[in-house]
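Notes follow once the structure below has been shown.
The values are calculated or read from the model by the stated rules, or taken from the named source; none is laboratory data. Values in this document were obtained by computation on a predicted structure and should not be read as measured data. All Cβ positions, even for glycine, are placed from backbone atoms using ideal geometry, and neighbour counts span all protein chains on display.
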Amino acid sequence: MVPFRDHATSFTPEQLDVLTTAFYAAMAELTTAGVAISQRDLANRILDRAADGVFDVAELKRAALNGLVSSGLKESA
């Protein structure tokens, strides 16, 4: 899956790299935690923060995981 293909014209290549990195980091953590979410829903969580002008991998990942990962799991970047 290319998570942000439909939004390629809305972001710079560098911003797309940040979004993609955050997506795969969040997906890896969710997989490790045994949490299921559709890739589309995860991408939308990241896009919601990017719409606010956030392009920090750690912040985008944190936003994507918010409410999905138990508080006992460390949310590292």
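I need the full set of residues from the range 1-33 which are hydroxyl-bearing (Ser, Thr, Tyr), over 12 Å from the mean Cα position of the chain (by Cα) and closer than 12 Å to Phe55 by Cβ, in order please. Give the derivation first.
Quick first cut of the range 1-33, residues hydroxyl-bearing (Ser, Thr, Tyr) only: 9-10, 12, 20-21, 24, 31-32.
Remaining after also requiring over 12 Å from the mean Cα position of the chain (by Cα): 9-10, 12, 31-32.
Result: Thr12, single match.
Residue pairs whose Cβ atoms lie under 6 Å apart, separated by 6 or more positions or on different chains, with the first residue in the range 29-55 and closer than 17 Å to Asp17 by Cα and the second surrounded by fewer than 10 Cβ atoms within 10 Å (Cβ to Cβ) and of a type in the set (Asp, Glu), do not occur. Taking the range 20-43 as the range and being assigned to a helix (DSSP H, G or I), in contact with a helix residue (DSSP H, G or I) (Cβ under 9 Å, 6 or more places away or on another chain) and closer than 10 Å to Ala64 by Cβ as the test, the residues that pass are Ala22, Phe23, Ala25, Ala26, Met27, Glu29, Leu30, Leu42, Ala43. Taking each residue of the range 1-19 that is within 22 Å of Ala58 (Cβ to Cβ) and part of a helix (DSSP H, G or I) and looking for partners that are at pLDDT 95 or above and among the β-branched types (Val, Ile, Thr) with beta-carbon atoms closer than 7 Å, six or more apart or interchain, yields Val18/Val57; Leu19/Ile46.
Of the residues that sit in the range 52-77 and are part of a helix (DSSP H, G or I) and more than 16 Å from Thr32 (Cα to Cα), which one is modelled with the lowest pLDDT?
Filtering the range 52-77 for residues part of a helix (DSSP H, G or I) gives 57-65.
Then drop every residue that is not more than 16 Å from Thr32 (Cα to Cα), which leaves 57-60, 63.
On the way: Val57: 98, Ala58: 97, Glu59: 97, Leu60: 97, Ala63: 93.
Within the range 52-77, the match that is modelled with the lowest pLDDT is Ala63.
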